[in-house]
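Note sheet for the following structure.
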Amino acid sequence: MMPSSSETIDASASGTWKLGDLVVNRLGFGSMRLPQNGTAFADRAPSDRDRALRVLRRAVELGVNHIDTAAFYFSPLRSANELINSALAPYADDLVITTKVGPGRTPSGEFVWATPEQLRGQVEENLRQLGRDHLDVVNLRLAGSQASASVAEHFGALAELREAGLIRHLGISNTTPEQLTEAQGIAPVVCVQNAYGLGSPADDHAFLRTCGEQGIAFVPFFAIAGAGREEGASSAQDEAVLTVARGHGATPAQVRLAWTLHQGPHVLAIPGTGNPDHLDENVAAGALRLTSEDLTLLAR
(Lines give C-alpha, C1' and ligand atoms only; values in the text may rest on other atoms or scores of the structure.)
Protein backbone atom coordinates (compact mmCIF):
# COMPACT_ATOMS: atom_id res chain seq x y z
CA MET A 1 0.00 0.00 0.00
CA MET A 2 0.99 3.61 -0.46
CA PRO A 3 1.92 5.43 2.76
CA SER A 4 -0.71 7.66 4.35
CA SER A 5 -1.52 10.82 2.44
CA SER A 6 -0.51 12.77 5.53
CA GLU A 7 3.02 11.37 5.29
CA THR A 8 5.44 13.28 3.08
CA ILE A 9 7.48 10.94 0.92
CA ASP A 10 10.99 11.97 -0.03
CA ALA A 11 12.63 11.10 -3.35
CA SER A 12 15.22 9.10 -1.42
CA ALA A 13 12.56 6.40 -1.00
CA SER A 14 13.30 5.42 -4.61
CA GLY A 15 16.92 4.50 -3.82
CA THR A 16 20.04 5.91 -5.42
CA TRP A 17 22.29 5.34 -8.44
CA LYS A 18 25.49 6.96 -9.70
CA LEU A 19 25.82 8.97 -12.89
CA GLY A 20 29.57 8.59 -13.09
CA ASP A 21 30.67 9.88 -9.68
CA LEU A 22 27.41 11.78 -9.07
CA VAL A 23 24.92 10.11 -6.70
CA VAL A 24 21.26 10.80 -7.51
CA ASN A 25 17.95 9.64 -6.15
CA ARG A 26 16.33 7.38 -8.72
CA LEU A 27 13.16 9.49 -8.79
CA GLY A 28 14.05 12.74 -10.52
CA PHE A 29 12.26 15.51 -12.41
CA GLY A 30 11.92 16.34 -16.10
CA SER A 31 11.48 20.01 -16.99
CA MET A 32 10.04 19.67 -20.51
CA ARG A 33 6.51 20.66 -19.49
CA LEU A 34 7.45 23.64 -17.31
CA PRO A 35 7.66 26.44 -19.94
CA GLN A 36 4.22 26.04 -21.50
CA ASN A 37 0.63 25.24 -20.73
CA GLY A 38 -0.86 22.26 -22.45
CA THR A 39 1.17 19.78 -24.43
CA ALA A 40 4.87 20.26 -24.90
CA PHE A 41 5.90 21.99 -28.14
CA ALA A 42 2.31 21.88 -29.45
CA ASP A 43 0.46 24.41 -27.31
CA ARG A 44 3.16 27.04 -26.83
CA ALA A 45 1.19 29.37 -24.55
CA PRO A 46 3.55 30.32 -21.72
CA SER A 47 3.04 28.74 -18.32
CA ASP A 48 2.44 30.57 -15.05
CA ARG A 49 5.95 31.58 -14.03
CA ASP A 50 5.38 31.65 -10.27
CA ARG A 51 3.76 28.22 -10.33
CA ALA A 52 6.67 26.77 -12.35
CA LEU A 53 9.16 28.19 -9.86
CA ARG A 54 7.16 26.71 -6.97
CA VAL A 55 7.18 23.29 -8.63
CA LEU A 56 10.97 23.34 -8.99
CA ARG A 57 11.55 24.47 -5.42
CA ARG A 58 9.07 21.89 -4.15
CA ALA A 59 10.85 19.16 -6.11
CA VAL A 60 14.11 19.95 -4.33
CA GLU A 61 12.31 20.12 -0.97
CA LEU A 62 11.07 16.60 -1.69
CA GLY A 63 14.61 15.35 -2.18
CA VAL A 64 14.78 15.44 -5.98
CA ASN A 65 18.45 15.94 -6.88
CA HIS A 66 18.37 14.95 -10.56
CA ILE A 67 16.74 17.40 -12.96
CA ASP A 68 16.58 16.83 -16.71
CA THR A 69 16.41 19.83 -19.04
CA ALA A 70 17.44 21.23 -22.43
CA ALA A 71 17.92 24.65 -23.98
CA PHE A 72 15.26 23.79 -26.58
CA TYR A 73 12.60 23.45 -23.86
CA PHE A 74 11.03 26.87 -24.25
CA SER A 75 7.81 28.67 -25.16
CA PRO A 76 7.16 32.37 -25.68
CA LEU A 77 8.37 34.12 -22.49
CA ARG A 78 9.48 30.89 -20.74
CA SER A 79 12.64 28.79 -20.82
CA ALA A 80 13.10 25.66 -18.72
CA ASN A 81 16.76 26.47 -18.12
CA GLU A 82 15.99 30.03 -17.04
CA LEU A 83 13.26 28.80 -14.69
CA ILE A 84 15.69 26.30 -13.14
CA ASN A 85 18.31 29.01 -12.72
CA SER A 86 15.85 31.46 -11.17
CA ALA A 87 14.29 28.90 -8.83
CA LEU A 88 17.32 26.96 -7.67
CA ALA A 89 20.54 29.00 -8.03
CA PRO A 90 22.81 29.03 -6.17
CA TYR A 91 22.59 25.29 -6.68
CA ALA A 92 22.90 22.74 -3.89
CA ASP A 93 26.12 20.75 -4.05
CA ASP A 94 24.26 17.49 -4.56
CA LEU A 95 21.96 18.75 -7.35
CA VAL A 96 22.70 17.08 -10.70
CA ILE A 97 21.39 18.83 -13.80
CA THR A 98 21.33 16.74 -16.96
CA THR A 99 20.82 18.43 -20.31
CA LYS A 100 20.85 17.38 -23.93
CA VAL A 101 22.20 18.73 -27.18
CA GLY A 102 21.79 17.86 -30.83
CA PRO A 103 18.33 19.38 -31.40
CA GLY A 104 17.99 23.13 -31.34
CA ARG A 105 15.14 25.51 -32.02
CA THR A 106 15.03 28.82 -33.79
CA PRO A 107 13.42 31.77 -31.97
CA SER A 108 10.19 30.96 -33.82
CA GLY A 109 10.28 27.41 -32.49
CA GLU A 110 11.41 25.50 -35.59
CA PHE A 111 13.59 22.49 -34.83
CA VAL A 112 17.09 22.27 -36.29
CA TRP A 113 19.79 19.66 -35.76
CA ALA A 114 23.34 20.65 -34.90
CA THR A 115 26.40 19.65 -36.86
CA PRO A 116 29.34 18.40 -34.79
CA GLU A 117 30.87 21.87 -35.05
CA GLN A 118 27.72 23.48 -33.64
CA LEU A 119 27.57 21.36 -30.50
CA ARG A 120 29.95 23.60 -28.59
CA GLY A 121 27.58 26.52 -29.13
CA GLN A 122 24.70 24.46 -27.77
CA VAL A 123 26.72 23.45 -24.71
CA GLU A 124 27.67 27.08 -24.09
CA GLU A 125 24.03 28.12 -24.48
CA ASN A 126 23.06 25.68 -21.71
CA LEU A 127 25.90 26.97 -19.53
CA ARG A 128 24.74 30.59 -19.95
CA GLN A 129 21.09 29.86 -19.30
CA LEU A 130 21.77 27.71 -16.26
CA GLY A 131 24.44 30.06 -14.90
CA ARG A 132 27.07 27.34 -14.56
CA ASP A 133 30.71 26.93 -15.56
CA HIS A 134 30.30 23.24 -16.40
CA LEU A 135 27.45 20.83 -17.12
CA ASP A 136 27.04 17.73 -14.96
CA VAL A 137 25.75 15.40 -17.68
CA VAL A 138 25.17 16.10 -21.37
CA ASN A 139 23.21 13.66 -23.51
CA LEU A 140 23.68 13.55 -27.26
CA ARG A 141 20.03 13.46 -28.37
CA LEU A 142 19.54 11.69 -31.68
CA ALA A 143 16.67 12.01 -34.14
CA GLY A 144 14.50 9.02 -34.92
CA SER A 145 15.81 9.19 -38.49
CA GLN A 146 19.36 8.67 -37.16
CA ALA A 147 18.75 5.17 -35.81
CA SER A 148 21.31 3.63 -38.17
CA ALA A 149 23.68 6.60 -38.35
CA SER A 150 27.18 6.81 -36.93
CA VAL A 151 27.49 8.94 -33.80
CA ALA A 152 31.28 9.17 -33.95
CA GLU A 153 31.63 12.79 -35.10
CA HIS A 154 28.97 14.22 -32.80
CA PHE A 155 29.97 12.18 -29.75
CA GLY A 156 33.63 12.87 -30.47
CA ALA A 157 32.91 16.61 -30.40
CA LEU A 158 31.26 16.25 -26.99
CA ALA A 159 34.17 14.13 -25.75
CA GLU A 160 36.50 17.02 -26.62
CA LEU A 161 34.34 19.40 -24.59
CA ARG A 162 34.48 16.91 -21.72
CA GLU A 163 38.25 16.93 -21.90
CA ALA A 164 38.16 20.73 -21.91
CA GLY A 165 36.20 20.72 -18.63
CA LEU A 166 32.88 22.07 -19.94
CA ILE A 167 31.15 18.73 -19.39
CA ARG A 168 31.61 16.28 -16.52
CA HIS A 169 29.86 13.19 -17.91
CA LEU A 170 28.32 12.11 -21.20
CA GLY A 171 25.19 10.20 -22.11
CA ILE A 172 23.27 9.36 -25.26
CA SER A 173 19.54 9.64 -25.93
CA ASN A 174 17.05 8.09 -28.34
CA THR A 175 19.73 5.63 -29.29
CA THR A 176 20.40 2.00 -30.22
CA PRO A 177 22.71 -0.65 -28.75
CA GLU A 178 25.01 -0.29 -31.74
CA GLN A 179 25.30 3.47 -31.28
CA LEU A 180 25.97 3.02 -27.57
CA THR A 181 28.83 0.65 -28.36
CA GLU A 182 30.25 3.14 -30.86
CA ALA A 183 30.02 5.99 -28.35
CA GLN A 184 31.70 3.91 -25.63
CA GLY A 185 34.68 3.48 -27.91
CA ILE A 186 35.12 7.26 -27.84
CA ALA A 187 34.38 8.23 -24.22
CA PRO A 188 32.66 6.78 -21.11
CA VAL A 189 28.84 6.79 -21.23
CA VAL A 190 27.04 7.14 -17.89
CA CYS A 191 23.44 7.02 -19.08
CA VAL A 192 21.09 6.07 -21.89
CA GLN A 193 17.90 8.11 -22.14
CA ASN A 194 15.24 6.44 -24.30
CA ALA A 195 11.47 6.28 -24.55
CA TYR A 196 10.37 3.36 -22.40
CA GLY A 197 7.48 2.17 -20.27
CA LEU A 198 4.75 -0.42 -19.90
CA GLY A 199 4.04 -1.81 -23.34
CA SER A 200 7.53 -1.25 -24.74
CA PRO A 201 8.69 -3.95 -27.19
CA ALA A 202 11.03 -6.79 -26.23
CA ASP A 203 14.06 -5.14 -27.82
CA ASP A 204 13.69 -2.17 -25.48
CA HIS A 205 13.58 -4.46 -22.43
CA ALA A 206 16.73 -6.19 -23.68
CA PHE A 207 18.52 -2.86 -24.16
CA LEU A 208 17.58 -1.82 -20.62
CA ARG A 209 19.08 -5.04 -19.26
CA THR A 210 22.25 -4.57 -21.32
CA CYS A 211 22.74 -1.12 -19.81
CA GLY A 212 22.34 -2.58 -16.33
CA GLU A 213 24.95 -5.26 -17.02
CA GLN A 214 27.38 -2.50 -17.99
CA GLY A 215 26.58 -0.25 -15.02
CA ILE A 216 25.00 2.38 -17.25
CA ALA A 217 21.93 4.25 -15.98
CA PHE A 218 18.82 3.74 -18.11
CA VAL A 219 16.63 6.84 -17.95
CA PRO A 220 13.21 6.40 -19.56
CA PHE A 221 11.27 9.33 -20.90
CA PHE A 222 7.50 9.15 -21.48
CA ALA A 223 7.29 6.44 -18.79
CA ILE A 224 3.85 7.78 -17.83
CA ALA A 225 2.72 9.20 -21.17
CA GLY A 226 3.60 6.09 -23.16
CA ALA A 227 2.35 6.39 -26.74
CA GLY A 228 1.00 9.85 -25.90
CA ARG A 229 4.60 11.09 -25.79
CA GLU A 230 4.73 14.93 -25.81
CA GLU A 231 0.93 15.15 -25.62
CA GLY A 232 0.93 13.45 -22.22
CA ALA A 233 -0.84 10.44 -20.79
CA SER A 234 -4.24 9.39 -22.06
CA SER A 235 -7.16 9.28 -19.64
CA ALA A 236 -7.76 5.71 -20.81
CA GLN A 237 -5.85 3.17 -18.72
CA ASP A 238 -5.15 -0.52 -19.13
CA GLU A 239 -7.31 -2.61 -16.82
CA ALA A 240 -4.24 -4.28 -15.29
CA VAL A 241 -2.84 -0.89 -14.32
CA LEU A 242 -6.16 0.10 -12.77
CA THR A 243 -6.35 -3.15 -10.83
CA VAL A 244 -2.86 -2.73 -9.39
CA ALA A 245 -3.54 0.93 -8.61
CA ARG A 246 -6.70 0.08 -6.67
CA GLY A 247 -4.85 -2.57 -4.72
CA HIS A 248 -2.28 -0.07 -3.51
CA GLY A 249 -4.46 3.01 -3.14
CA ALA A 250 -2.32 4.59 -5.86
CA THR A 251 -2.90 6.38 -9.17
CA PRO A 252 -2.26 4.75 -12.56
CA ALA A 253 0.62 7.17 -13.11
CA GLN A 254 2.21 6.07 -9.84
CA VAL A 255 1.91 2.43 -10.86
CA ARG A 256 3.58 3.13 -14.21
CA LEU A 257 6.45 4.95 -12.49
CA ALA A 258 6.84 2.22 -9.87
CA TRP A 259 6.84 -0.45 -12.58
CA THR A 260 9.59 1.47 -14.38
CA LEU A 261 11.75 1.65 -11.26
CA HIS A 262 11.19 -2.09 -10.67
CA GLN A 263 12.95 -2.89 -13.95
CA GLY A 264 16.37 -2.59 -12.34
CA PRO A 265 18.39 -0.64 -9.77
CA HIS A 266 20.06 1.25 -12.64
CA VAL A 267 16.72 2.60 -13.92
CA LEU A 268 16.00 6.25 -13.12
CA ALA A 269 12.71 8.12 -13.58
CA ILE A 270 12.33 11.74 -14.68
CA PRO A 271 8.56 12.41 -14.76
CA GLY A 272 7.74 15.98 -15.61
CA THR A 273 4.81 18.15 -14.58
CA GLY A 274 3.85 21.75 -14.02
CA ASN A 275 1.24 20.72 -11.43
CA PRO A 276 2.36 20.79 -7.76
CA ASP A 277 -0.09 18.03 -6.81
CA HIS A 278 1.14 15.75 -9.58
CA LEU A 279 4.71 16.43 -8.45
CA ASP A 280 3.99 15.14 -4.95
CA GLU A 281 2.28 12.06 -6.43
CA ASN A 282 5.19 11.36 -8.77
CA VAL A 283 7.75 11.57 -5.98
CA ALA A 284 5.60 9.34 -3.77
CA ALA A 285 5.68 6.68 -6.48
CA GLY A 286 9.29 6.04 -5.50
CA ALA A 287 7.99 4.42 -2.30
CA LEU A 288 5.49 2.14 -4.05
CA ARG A 289 6.65 -1.47 -3.89
CA LEU A 290 4.89 -3.73 -6.36
CA THR A 291 4.43 -7.39 -5.50
CA SER A 292 5.41 -10.29 -7.73
CA GLU A 293 1.69 -10.77 -8.41
CA ASP A 294 1.43 -7.11 -9.49
CA LEU A 295 4.38 -7.47 -11.84
CA THR A 296 2.97 -10.67 -13.34
CA LEU A 297 -0.38 -8.99 -13.94
CA LEU A 298 1.24 -5.95 -15.55
CA ALA A 299 3.45 -8.15 -17.73
CA ARG A 300 0.35 -9.52 -19.43
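I'd like to verify a number: residues in region 109-143 that are of a type outside the set (A, V, I, L, M) and within 20 Å of LEU34 (Cβ to Cβ), how many? Before the answer, list the steps.
From region 109-143, those of a type outside the set (A, V, I, L, M) are 109-111, 113, 115-118, 120-122, 124-126, 128-129, 131-134, 136, 139, 141; that's our starting set.
The next check asks that each one be within 20 Å of LEU34 (Cβ to Cβ); those that pass are 109, 111, 122, 125-126, 128-129, 131-132, 136, 139, 141.
Residues meeting the conditions: 12.
Do we find a residue being at positive phi and surrounded by 21 or more Cβ atoms within 10 Å (Cβ to Cβ) anywhere in region 175-193? Steps first, answer last, please.
Step one: list which residues in region 175-193 are at positive phi, which gives none.
Scanning region 175-193, I find no residue that is at positive phi and surrounded by 21 or more Cβ atoms within 10 Å (Cβ to Cβ), so the answer is no.
Within region 172-219, can you find the residues that are among the acidic types (Asp, Glu) and under 23 Å from LEU298 (Cα atoms)? Steps first, please.
Our first condition is that a residue be among the acidic types (Asp, Glu); within region 172-219, this holds for 178, 182, 203-204, 213.
Passing the criteria: ASP203, ASP204.
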> Hey, among GLY197, GLY171, GLY215, which residue is under 20 Å from the mean Cα position of the chain (by Cα) and surrounded by fewer than 14 Cβ atoms within 10 Å (Cβ to Cβ)?
Replying inline: GLY215
>> Could you tell me how many of the residues in region 113-133 are loosely packed, with under 11 Cβ neighbours inside 10 Å and not in a loop (DSSP other than H, G, I, E, B)?
In response: 1
> Which residue pairs have Cβ atoms closer than 6 Å, lie 6 or more positions apart in sequence or on different chains, and pair a first residue in region 196-219 that is closer than 20 Å to ALA253 by Cβ and at pLDDT 95 or above with a second residue that is in a helix (DSSP H, G or I) and aliphatic (A, V, I, L, M)?
Replying inline: PHE218/LEU208
>> Looking only at region 37-90, filter to residues that are at pLDDT below 90 and among the hydrophobic types (A, V, I, L, M, F, W, C); which one of those is surrounded by the fewest Cβ atoms within 10 Å (Cβ to Cβ)?
In response: ALA42
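Let me confirm something: among GLY247, GLY264, GLY286, GLY272, which residue is crowded, with 22+ Cβ neighbours inside 10 Å and either modelled with pLDDT of 95 or more or assigned to a helix (DSSP H, G or I) (or both)? Show your work before the answer.
On the way: GLY247 fails: crowded, with 22+ Cβ neighbours inside 10 Å; GLY264 fails: crowded, with 22+ Cβ neighbours inside 10 Å; GLY272 fails: either modelled with pLDDT of 95 or more or assigned to a helix (DSSP H, G or I) (or both).
Criteria check complete, one pass: GLY286.
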> Restricting attention to region 105-121, does a residue exist that is under 30 Å from SER14 (Cβ atoms), out of contact with any Leu (no Cβ under 7 Å at 6 or more places or on another chain) and of a type outside the set (Asp, Glu)?
Replying inline: no
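Just wondering, is there one or more residues in region 140-148 that are small (Gly, Ala, Ser) and in a strand (DSSP E or B)?
The first filter runs over region 140-148 and keeps only residues small (Gly, Ala, Ser), leaving 143-145, 147-148.
Subset that is in a strand (DSSP E or B): none.
No; the residues of region 140-148 include none that is small (Gly, Ala, Ser) and in a strand (DSSP E or B).
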>> Tell me the residue from GLU281, GLU293, GLU230 that is at pLDDT 95 or above, out of contact with any helix residue (DSSP H, G or I) (no Cβ under 7 Å at 6 or more places or on another chain) and part of a helix (DSSP H, G or I), please.
In response: GLU293
> So, of the residues in region 253-291 that are closer than 21 Å to MET32 by Cα and without any contact (Cβ under 8 Å) to a residue 40 or more places away in the chain, which turns out to be farthest from the chain's Cα centre (by Cα)?
Replying inline: ASP277
>> For the list (1) modelled with pLDDT of 95 or more; (2) surrounded by 15 or more Cβ atoms within 10 Å (Cβ to Cβ); (3) assigned to a loop (DSSP other than H, G, I, E, B), I need the number of the one condition that ASP94 fails.
In response: (2)
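Could you say which residue among ASP204, ASP136 is among the charged types (D, E, K, R), part of a strand (DSSP E or B) and at negative phi?
Working: ASP204 fails: part of a strand (DSSP E or B).
Result of the check over ASP204, ASP136: ASP136.
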>> Pairs please, first residue from region 101-129 and more than 23 Å from ALA152 (Cβ to Cβ), second anywhere and of a type in the set (Asp, Glu), Cβ atoms under 9 Å, 6+ apart in sequence or on different chains.
In response: LEU127/ASP133; GLN129/GLU82
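The values are calculated or read from the model by the stated rules, or taken from the named source; none is laboratory data. Bear in mind the structure is a predicted one, so any value in this text is a computation, not a measurement. Using ideal geometry, Cβ is built from the backbone for each residue, glycine included, and neighbour counts are taken over all protein chains shown.
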